[in-house]
Amino acid sequence: MSWATKYVGKEFASCIHLVQYVTAREFGIEKDLPDIENHAALMERRREWAQRVPPGVPLRDGLVVLMRPDSPLLHAGLLCLDTPEPTLLHTAHKPGSAVLQPMRIVRRVMKIEGIYEVLA
């Protein structure tokens with residue numbers, strides 16, 4: 001069973017609230033992340049809270065995946081690799097319940113903007 005399974009079905013106000021909550025509980029990193037809807041602030045301040053994972057660097061559990069659905073808003077989730085295939089822990093709606101979906105499914109409906117490591 002994955003570390004992420006215990007969060008599935010738990011209600012969150014937004015995807016960024018899920019990221020903050022789970023990052024603190026699972027990985028011991030507490031950060032006050034900018035509101036995901038404020039794309040400019042999130043991206044301008046990203047060096048304060050995260051470091052982009054360069055291509056080719058091995059991925060690991062708990063990395064933040066920033067995605068863009070077919071809208072100007074961003075969406076965020078946490079990478080989960082201790083599953084049969086790479087999955088994403090995120091919220092399907094705002095507010096909404098946490099879901100665990102295979103990355104191959106998520107990539108069909110959202111463009112990956114980047115993968116980030118939350119700084120301690």
- Item | Helical contribution to [θ] at 222 nm, DSSP H n ≥ 4, -39,500 (n - 2.57), averaged over the chain, rounded to 500 | -6500 deg cm²/dmol
- Query: Which residue, Ala98, Ala76, Ala50, has the most motion in a Gaussian network model of the chain that connects Cα atoms within less than 10 Å?
  - Reply: Ala50
- Query: Which of Leu66, Thr91, Trp49 sits farthest toward the positive end of the charge dipole of region 46-100, with +1 on the Cβ of Lys and Arg and -1 on the Cβ of Asp and Glu?
  - Reply: Trp49
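Averaging the inverse of every distinct alpha carbon separation and then flipping it gives the Kirkwood radius. What is it for region 3-118, in angstrom units?
Working: mean 1/r = 0.0712 Å⁻¹.
Hydrodynamic radius (Kirkwood, Cα only) of region 3-118 equals 14.0 Å.
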- Electrostatic dipole magnitude of region 3-118 [Cβ: Lys, Arg +1; Asp, Glu -1; Cα centre; debye, to 20]: 260
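Every read-out reported here was derived from the displayed coordinates using simple, explicitly stated rules and does not represent laboratory data. Computed from a prediction, not measured in an experiment: that's the story for all the values here. FYI the Cβ positions are ideal-geometry reconstructions off the backbone, even for glycines, and counts take in every protein chain you see.
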